[in-house]
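Written out below as structure tokens is the structure these notes cover.
The values are calculated or read from the model by the stated rules, or taken from the named source; none is laboratory data. These numbers were taken from a predicted model, which means no experiment stands behind them. Here the Cβ positions follow ideal geometry from the backbone for every residue, glycine too, while neighbour counts run over all protein chains shown. Side chains included, ligands, DNA and RNA excluded: accessible areas come from the protein's heavy atoms. Shrake-Rupley method; radii C 1.70, N 1.55, O 1.52, S 1.80 Å.
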Amino acid sequence: QVQLVESGGGLVQPGGSLNLSCAASGTIFSINSMGWYRQVSEKGRELVAIIVSGGKTNYADSVKGRFTISRDNAKNTVYLQMMSLNPDDTAVYYCNAIVKKSPIYGYLELWGQGTLVTVSS
């Protein structure tokens, strides 16, 4: 069984920094993309940042210049470095990955369990 395990998150003061990581474990043939989404209360889940297999990245406008996504392909792990955090960044952050378990099967979308990031003084 393939799953995503997140770590990081917590409480940070405005202007502070925080790092998230997410590791994919299990039988994995390839990973097309890994990324981070966030959700506030009952609002929809929004894309924060994504990195595809070739290394190309995409960010939400609200985090450009403050967040950096990176990926360690050997470890099937994605990282999110968050800087200059503000209260609007408070949310549950979810890791997402599009993976292939076998060359004969299609892609599977996975979600992590979510980790809470709270930016408050």
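Quick look at the values:
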| quantity | calculated |
| --- | --- |
| Complete set of residues in segment 16-32 that are open to solvent by 40 Å² or more (accessible area, probe 1.4 Å) and under 16 Å from MET82 (Cα atoms) | SER17, ASN19 |
| Pairs with Cβ under 9 Å, 6+ apart, first in segment 73-90 and under 20 Å from ILE50 (Cβ atoms), second surrounded by fewer than 14 Cβ atoms within 10 Å (Cβ to Cβ) and of a type in the set (Asp, Glu) | VAL78/ASP72; TYR79/ASP72 |
| Condition check for GLY35: loosely packed, with under 12 Cβ neighbours inside 10 Å and within 25 Å of VAL2 (Cα to Cα) | no |
| Some residue of segment 30-41 being modelled with pLDDT under 95 and not polar (S, T, N, Q) | yes |
| Some residue of segment 79-90 being more than 16 Å from GLU46 (Cα to Cα), out of contact with any Phe, Trp or Tyr (no Cβ under 6 Å at 6 or more places or on another chain) and charged (D, E, K, R) | no |
| Residue in segment 83-102 that is under 12 Å from the mean Cα position of the chain (by Cα), within 15 Å of GLU6 (Cα to Cα), surrounded by 20 or more Cβ atoms within 10 Å (Cβ to Cβ) and of a type in the set (S, T, N, Q) present | yes |
| Any chance THR90 is out of contact with any Cys (no Cβ under 9 Å at 6 or more places or on another chain) and among the hydroxyl-bearing types (Ser, Thr, Tyr) | yes |
| Top-ranked residue of segment 38-49 - restricted to ones that are open to solvent by 20 Å² or more (accessible area, probe 1.4 Å) and touching a residue at least 24 places away in the same chain (Cβ under 8 Å), ranked as farthest from ASN76 (Cα to Cα) | VAL40 |
